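Encoded as structure tokens, the structure appears first; notes follow it.
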Amino acid sequence: MVAIHYEFQKEVSSSIGDIPKPKQNYLIPTIFLICLMATFALVALYFYHNEELLPSYLGSRKRGNNYKRLVCYYNFPSSTNDLQPEHIDAHLCTHIIVAFLNVNATHELGVTESQTEVLKRVNTLKHKNQDLKVLISVGGAGNTQGWSEMVHNHTTRKRFIKSVRIFLKNNTLDGIDLDWEYPNTLGVNNMEKIHFTQLMEEFRMHIDRNTFKFLLSVAVPSSSFRVDISYQVNYLNQFPDFVNLMSYDYHFFSNFTPFTGLNAPLLRSSLDSGIFASLNINDSIVYYKEKGMDKSKINIGLPTYGHTFTLFNQYNNGLYSPARGYGYIGNKGFASYTDICTFLKNDRVQRYFDSTTRSPYATKGLEWMSFKIITVYHLRPNL
């Protein structure tokens, strides 16, 4: 996991020499990208904040120009082979968000005994870093059950908020991340968007009037069409302490997008056009800013996983090259950090760096992989 300071601009001169690129395929499908799915194991990265505002219970409201926020998502381990809480570097992140809990049938926080035990283990990292904040995340991709019913009226929202406060207080946790994907997901129930805004507002009121204080964050999508359907950005800016931008999964293999693409391009490619022109981190940030979001509240999400593709032709292996399916590496096109490292160590792997998007990719035969490297994370364009 890595951290970067990004300040964005629409055009940036290249500070990295161009590496010869393979042949490009300029055929770009015009079918709309249906969804940008979130996945597990990502790092939500930070901005350096010129005017960083923090809740008073976390110390001074202004931490100065050198304050940084590095928010890391950690998934509940499903086996002993997964990363265990005791093996997490307590000084790597300023915030750890443990994912995912749910909304139960009684409109309260749904959590199991085993999940509570893991949270206690994560919380012990504070013995090594007393400034560390540990939050819980509710929802996640595909975990939408209970949200619509819970936000539907004030009584059920109040019940959920109260259950969250009690659980956080009893377990000395520091906050909650709302990861409903997504309010008004089909665009046919605009009241869900309004009800979600009311949930955020009532969370803020509840926090402000109680002696036990906790952080409130929201996981938000990167695509402009999803933002418009699901969120009122001016209220996103007002009520949460910060938002975690899911700026990844811009491109992945599907029957609707059967071509190669970058998982989390920093900037727009010269090959991007139409609906694909805005599918990059810079354009996502610009859009939120134009809608009224303060950049000091935005954590940029960058993945520690990659996407893989199987090419039709190993010699046609640039961006937007035709692909016939997922790559053989990983699970349904998702390659873990370990998978990426193993692949890149293989003989005859060709690595490329696209200087326009500031993004790497690699190929070997028919295998094509989009991934991230530390060099990319330290690039600093200016907005």
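Looking for something in a loop (DSSP other than H, G, I, E, B) and either outside the structural domain of ALA219 (by TED's automatic domain parsing) or over 21 Å from TYR182 (Cα atoms) (or both) - is there at least one such residue anywhere in the stretch 112-127?
Checking the stretch 112-127: at least one residue is in a loop (DSSP other than H, G, I, E, B) and either outside the structural domain of ALA219 (by TED's automatic domain parsing) or over 21 Å from TYR182 (Cα atoms) (or both).
Just for helices (runs of 4 or more DSSP H) wholly inside the stretch 137-248: which have at least 1 residues that are charged (D, E, K, R), within 22 Å of LYS295 (Cβ to Cβ) and touching a Ser or Thr at 6+ places or on another chain (Cβ under 9 Å)?
Passing ranges, in order: 224-230.
Here's a check for you: in the stretch 286-327, which residue that is touching a Ser or Thr at 6+ places or on another chain (Cβ under 7 Å) and among the hydroxyl-bearing types (Ser, Thr, Tyr) is surrounded by the most Cβ atoms within 10 Å (Cβ to Cβ)?
Looking at the filtered set, the residue picked out is TYR305.
What is the one condition in (1) of a type in the set (A, V, I, L, M); (2) under 18 Å from PHE225 (Cα atoms); (3) under 24 Å from the mean Cα position of the chain (by Cα) that LEU173 does not satisfy?
(2)
Select from the stretch 333-362 the residues that are over 20 Å from ILE281 (Cα atoms) and hydroxyl-bearing (Ser, Thr, Tyr) and write down the one among them that is farthest from the chain's Cα centre (by Cα).
So, considering only residues that are over 20 Å from ILE281 (Cα atoms) and hydroxyl-bearing (Ser, Thr, Tyr), the one farthest from the chain's Cα centre (by Cα) is THR342.
Name the residue that is surrounded by the most Cβ atoms within 10 Å (Cβ to Cβ), counting only residues in the stretch 150-163 that are within 19 Å of ILE97 (Cβ to Cβ) and in contact with a helix residue (DSSP H, G or I) (Cβ under 8 Å, 6 or more places away or on another chain).
If we take residues in the stretch 150-163 being within 19 Å of ILE97 (Cβ to Cβ) and in contact with a helix residue (DSSP H, G or I) (Cβ under 8 Å, 6 or more places away or on another chain), then PHE160 is surrounded by the most Cβ atoms within 10 Å (Cβ to Cβ).
Please work out if ALA105 is farther than 18 Å from PHE242 by Cβ, part of a loop (DSSP other than H, G, I, E, B) and modelled with pLDDT under 95.
no
How many of the residues making up the stretch 89-147 are of a type in the set (S, T, N, Q), in contact (Cβ under 8 Å) with a residue 40 or more places away in the chain and in contact with a Phe, Trp or Tyr (Cβ under 7 Å, 6 or more places away or on another chain)?
Within the stretch 89-147, residues that are of a type in the set (S, T, N, Q), in contact (Cβ under 8 Å) with a residue 40 or more places away in the chain and in contact with a Phe, Trp or Tyr (Cβ under 7 Å, 6 or more places away or on another chain) number 3.
Being of a type in the set (A, V, I, L, M, F, W, C) and surrounded by fewer than 21 Cβ atoms within 10 Å (Cβ to Cβ) is the filter; apply it to the stretch 263-285 and report the residue that is farthest from SER370 (Cα to Cα).
Only one residue tops the list, namely ILE275.
List every residue pair whose Cβ atoms sit under 6 Å apart, with the two residues 6 or more apart in sequence or on different chains, where the first one lies in the stretch 177-200 and is at pLDDT 95 or above and the second, anywhere, is assigned to a helix (DSSP H, G or I) and of a type in the set (Phe, Trp, Tyr).
TRP180/TRP147; PRO183/PHE196; THR197/TYR235
Can you name every residue in the stretch 363-383 that is at pLDDT 75 or above and either in a loop (DSSP other than H, G, I, E, B) or within 23 Å of ASP283 (Cβ to Cβ) (or both)?
If the condition is that a residue be at pLDDT 75 or above and either in a loop (DSSP other than H, G, I, E, B) or within 23 Å of ASP283 (Cβ to Cβ) (or both), then GLY365, LEU366, SER370, PHE371, LYS372 are the ones that fit.
So is ASN234 on the phi < 0 side of the Ramachandran plot, touching a residue at least 12 places away in the same chain (Cβ under 8 Å), in the same structural domain as ASP294 (by TED's automatic domain parsing) and over 19 Å from the mean Cα position of the chain (by Cα) or not?
Considered against the rule, which asks whether it is on the phi < 0 side of the Ramachandran plot, touching a residue at least 12 places away in the same chain (Cβ under 8 Å), in the same structural domain as ASP294 (by TED's automatic domain parsing) and over 19 Å from the mean Cα position of the chain (by Cα), ASN234 comes out as yes.
The values are calculated or read from the model by the stated rules, or taken from the named source; none is laboratory data. Computed from a predicted model, the values in this text were never measured in an experiment. Cβ: placed from backbone, ideal geometry, glycine included. Neighbour counts: every protein chain shown.
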